[in-house]
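Have a look at the structure below before the remarks.
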Amino acid sequence: MKQIRFISADEAVRVIQSNDRVHLHSVAVTPHPLIRAMCERGRNKEFRNVRIQHIHTEGCAPYADPEFEGIFQLESFFVGHNVRKQTQAGYADYIPVFLQETQRLIRENYLKVNVAMIQVSVPDKFGYTSLGTSVDATLAAVEHADTVIAIVNPNVPRAFGDAMIHINDIDLFVEDDSELVIAEPGPISDTDRLIGSHVAELVEDGATLQMGIGAIPNAVLSMLGNHKNLGVHSEMFADGILPLVDKGVVNGKNKKIDKGKMVATFLMGSKKLYNFIHDNPGVLMQDVKYTNAVNVIAKNPKVTAINSALQIDITGQVCADSIGTKFYSGVGGQIDFLRGASLSKGGKPIIAMPSVTNKGISKIAPILTPGAGVVSTRANIHWLVTEYGAVNLYGRTLQDRARLIISIAHPNHREELEKAAFERFGPHFHFVSDNPINK
Ligand code: COA
């Protein structure tokens, strides 16, 4: 086993050359000391045209700022909050891609990675270290980069699964002991609680859960305390899952693959969550190639995938990545999981969202706003949930869908939506009979 020699972040980032592509480790393990050192070199104009890629980082993202025009070009796989303004203004750019295929872009050399900058746990006596809270496409970058620079940080949890990599796969080492970025769970609003209760009613005992971050997943999880034998196979999970693990509600007993284990590719939450995955053989942090593969997801029974939307039209087209032409997030793993859940025995793909925005705009629209991106098509959507109820659109005609979707729109907007549906579908619209398929 090689001897680790630590160097400074400034020294490590000297490997970056003009025209390189640099992959950044994401979310809670964003390697900030290396980013700062890289930006300092950028400020000194020591290179030009360096492409930066990542899923999404947490904390500040100076490399996306206009001051670095011509020096850094961000090409992210997801538009996170810290690069949203710069992406909307055109300084930063976004690669639309299914989360599952982010690693493929690297492994099949569509995107040649020159330098991977990562953050890992303290190596064990065998030389194994862990990518901790984010494996995502970063394992692919570690495998394919010309140079891998790793910050060794005792705060990075030693997570198992594909997260474990050997120090022989790392070229340059930097020491740091900063805390990881944390996201404490926020309060659950009355609307989120109502949505959570409708979704929770759809979750059956023995289900395998996938859910994103945020108030709605936390509201759902807070209502599953009396469920039995739930499992987790998700792109990510957060603190909301912990009380269910403590109570034995989440035990993975019903899973067909990775029985008894919780599976994810990245995590974002409190220090408690990071401590929970440290040295925990019950959690597998896996390559996104595995977590988000439709055929893998579909192997577990009753996969219940809970995702959200920015806007949905009355036929069931789901926009989740932009507000009109303004990019807000990304395709992410929504389709991976909606499709996987749809193919799983007893699976339930669910889109759950408030009926209106915090400014009172209806999120249900007659047609999508021009420029809005369809992340999930009409054929992908099954269950749609708002605070006004849950409807199943799977197997329903366009006119049935319109009626069902409008039935859970905000009451202030139902009349205008009905008028739009009437104009679109003609005089038959009001006379569509109820169809027992939805029971
Ligand atoms: N029209 C105008 N503005 C809208 C809008 C609409 N139809 N819908 C939402 N907004 C605004 C909100 O007002 C809010 O604005 P603010 O930031 O000023 O408060 C903002 O957009 C975010 O809306 P919100 O409903 O709070 O979004 P969210 O944080 O719940 O995220 C998605 C929703 C769709 C962006 C998120 O789930 C996502 O990124 N999905 C795609 C990826 C995915 O599904 N991955 C799998 C799970 S990890």
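The values are calculated or read from the model by the stated rules, or taken from the named source; none is laboratory data. As the structure is a prediction and not an experimental result, all values here were calculated from the model. A quick note on method: Cβ atoms are made from the backbone with ideal geometry, for glycine too, and the neighbour counts reach across all protein chains shown. With ligands, DNA and RNA removed, areas are computed over all heavy atoms of the protein, side chains included. Shrake-Rupley method; radii C 1.70, N 1.55, O 1.52, S 1.80 Å.
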Against the longest alpha carbon principal axis of the chain, how many degrees, from 0 to 90 and to the nearest 10, is the axis of helix 398-407 turned?
-> 80
Surface per residue (accessible, 1.4 Å probe) for the range 292-383, Å² | 35
Place a label point 7 angstrom from the Cα of ARG424 along the Cα-to-Cβ direction, then list the residues of the range 341-363 whose backbone nitrogen is under 19 Å away.
-> 351-357, 361-363
Any idea how far the Cα center of the range 276-330 sits from the one of the range 1-80, in Å?
-> 27
Straight-line reach check, LYS2, cutoff 19 Å on alpha carbons, 8 or more apart in-chain or any other chain, hits among aspartates and glutamates -> ASP124, GLU143, ASP146, ASP169, ASP171, GLU175
So for the range 190-438, using the alpha carbon gyration tensor with a ≥ b ≥ c as root eigenvalues (a/c under 1.5 gives rounded; past that, a/b versus b/c decides prolate or oblate), I'd call it prolate
So for the range 314-439: antiparallel DSSP bridges make up what percent, rounded to the nearest 5?
-> 75
For PHE6 the rounded accessible area (nearest 10 Å², probe 1.4 Å, non-protein molecules ignored) is 80
Among the aspartates and glutamates, which have Cα under 17 Å from the Cα of LYS363 when same-chain residues fewer than 8 positions away are ignored?
-> ASP192, ASP313, ASP321, GLU387, GLU415, GLU416, GLU418
Can you tell me the relative contact order of the chain? Whole percent, Cα pairs under 8 Å, sequence separation 6 or more.
-> 13
For the chain, give the share of DSSP beta bridges that are antiparallel, in percent and rounded to the nearest 5; count only bridges with both residues there.
-> 25
Of the accessible area of the range 190-438, with the probe set at 1.4 angstrom, what percent is carbon plus sulfur?
-> 55
Can you give the extra length, in nm with one decimal, that the chain gains between GLU143 and GLU40 once fully stretched, where that is 0.36 nm per residue apart less the Cα-Cα distance?
-> 34.4 nm
So for the range 1-40, using the alpha carbon gyration tensor with a ≥ b ≥ c as root eigenvalues (a/c under 1.5 gives rounded; past that, a/b versus b/c decides prolate or oblate), I'd call it oblate
Enumerate the calculated ³J(HN,Hα) couplings along the range 216-222 in order (Karplus 6.51 cos²θ - 1.76 cosθ + 1.60, θ = phi - 60°), each rounded to whole Hz, writing x wherever the residue is Gly or Pro.
-> 5, x, 5, 5, 4, 4, 5
Within the chain, helix-based [θ] at 222 nm, where runs of 4 or more DSSP H residues each add -39,500 (n - 2.57), nearest 500 = -7000 deg cm²/dmol
Count charges around ALA183 for me, please; just the other residues with Cβ under 11 Å from its Cβ, Lys/Arg as +1, Asp/Glu as -1.
-> -2
For the table LYS247/LYS271; LYS85/LYS247; LYS112/LYS359; LYS125/LYS259, the rows whose alpha-carbon distance is greater than 31 Å are LYS85/LYS247; LYS112/LYS359
In terms of the Cα gyration tensor, with a ≥ b ≥ c the square roots of its eigenvalues, is the range 254-305 rounded because a/c is under 1.5, prolate because a/b exceeds b/c, or oblate?
-> prolate
Report the extension gain between ASP93 and LEU343 in nm, rounded to one decimal, defined as 0.36 nm multiplied by the number of residues separating them, less their alpha carbon distance.
-> 86.7 nm
